[in-house]
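Structure, as C-alpha cells:
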Amino acid sequence: MALIAEISELLQKGKAKNVKALVQQALDENMDPKEILNDGLLAGMMTIGAKFKNNEVFVPEVLVAARAMNAGLTVLEPKLVEIGNEPVGKAVIGTVQGDLHDIGKNLVVMMLKGAGFEIHDLGVDVAPDAFIDKAEEVDADVICMSALLTTTMPRMQDCVDRLKERGLRDKYIVMIGGAPVNDSFAEQIGADYYTPDAASAAETAKEAVLKVKGKNA
C-alpha cells in the first residue's frame, strides 16, 4: 500500500514520469488495477481538487497534477479495460456556441476525470444540438456546459429547450458553469446544477450520478 500512497503523493507534485513508472511497478507486483486507480491516481487528483477549491494550489499545479494522472492512466487503462472497470458515469462537456474560452472547461474535464468519469470533450463553440447528439451517442449521464461571455449564456437555455423539445430533458443531468453564470441563471433556464469552480463541479456531478443510479438500482 506504501507504493499506492507514493503514487498519490507524486501525482500531487506533478511528477508524471515517476507516476508512470510506479503505476507500471504496481502492476508488475500484481496489485489490483482498481486500487491503483482509486487509491493512487484518483485519490491524488481529488486531494489537488480540494486544495484548489481552498486556494491552497492554483491552476498551474492542477495542470501538472492532471498531466501526471494522465501519464499514469496511459499505463493503467489497458488493464482497467481488461477487467471491465466501470466509470462512475459518462459526461459530455464543452464551451457553448459563440464562445472560444476553454481554460475553465479544461479544468473541469481534469477534475471529472479525477472523480472517475469517462469524458467526451467537444471543445469550444459547441452548438446546443451537438451536446445532445453526443450525449445520445455515448449514452451519457451528464451534460456540462461552460460560458465565459454573457452574450453566449443564452445558448445554455437553447440546449435545455432542445432537450425538452426532443423529449430527453429527464434523461440527463444538466450542469452549467463559467464566470458570468450563477445559481439564479441555472434556475431560470431549468439546468440541474450550477457550480462555481472545477472541484465543486466534479463533486456535484459524482453525487448527482450516484443518486440517480441509486434510484434506478
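The table for this structure:
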{"quantity": "Too-long pairs where the Cα-Cα distance tops 32 Å, listed order kept, from K17/K171; K13/K90; K13/K171; K15/K211; K15/K53", "calculated": "K17/K171; K13/K171; K15/K211"}
{"quantity": "Förster radius 35 Å - calculated FRET efficiency between L100 and K164 (Cβ-Cβ, nearest 0.05)", "calculated": "0.80"}
{"quantity": "Stokes-Einstein diffusion coefficient of region 56-140, Kirkwood radius over Cα pairs, 20 °C, 1.002 mPa s, in µm²/s", "calculated": "152"}
{"quantity": "For region 60-72, Karplus couplings with θ = phi - 60° (6.51, -1.76, 1.60), whole Hz, Gly/Pro x", "calculated": "x, 5, 5, 5, 6, 5, 5, 5, 5, 4, 5, 5, x"}
{"quantity": "Full-stretch length increase - Q25, N182 - with 0.36 nm per residue and alpha-carbon distance subtracted", "calculated": "52.0 nm"}
{"quantity": "Three-way shape label, region 74-114, alpha-carbon gyration tensor, a/c 1.5", "calculated": "prolate"}
{"quantity": "Per-residue [θ]222 nm for the chain (sum of -39500 (n - 2.57) over DSSP H runs n ≥ 4, rounded to 500)", "calculated": "-18000 deg cm²/dmol"}
{"quantity": "Additional length obtainable on full extension of the chain from E35 to F58, 0.36 nm per residue less Cα span", "calculated": "5.5 nm"}
{"quantity": "Average Cα contact separation per residue, the chain, under 8 Å, 6 or more apart, as relative contact order %", "calculated": "19"}
{"quantity": "For region 115-168 and region 183-217, distance of Cα centres in Å", "calculated": "14"}
{"quantity": "Counted charge near D32, where neighbours are those whose Cβ lies closer than 14 Å (Asp, Glu -1; Lys, Arg +1)", "calculated": "-3"}
{"quantity": "Scaled radius of gyration (Cα, divided by 2.2 N^0.38 Å) that region 123-217 gives", "calculated": "1.03"}
{"quantity": "For the chain: rounded, prolate or oblate by the Cα gyration tensor [a/c cutoff 1.5]", "calculated": "prolate"}
{"quantity": "Calculated FRET efficiency for the pair L80/D133, C-beta based, R₀ 30 Å, to 0.05", "calculated": "0.65"}
{"quantity": "Spacing of the two label points (7 Å from each Cα toward its C-beta) at E207 and A5, in nm", "calculated": "2.9"}
{"quantity": "J(HN,Hα) series, region 38-54, from Karplus relation 6.51 cos²θ - 1.76 cosθ + 1.60, nearest Hz, glycine and proline x", "calculated": "6, 8, x, 5, 5, 4, x, 5, 5, 5, 4, x, 5, 5, 5, 4, 8"}
{"quantity": "Rounded accessible area per residue of the chain, 1.4 Å, Å²", "calculated": "48"}
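The values are calculated or read from the model by the stated rules, or taken from the named source; none is laboratory data. Computed from a prediction, not measured in an experiment: that's the story for all the values here. Here the Cβ is made from the backbone with ideal geometry for all residues, glycine too, and neighbour counts use every protein chain on show. These accessible areas exclude ligands, DNA and RNA; they are computed on the full protein's heavy atoms, side chains included. Shrake-Rupley method; radii C 1.70, N 1.55, O 1.52, S 1.80 Å.
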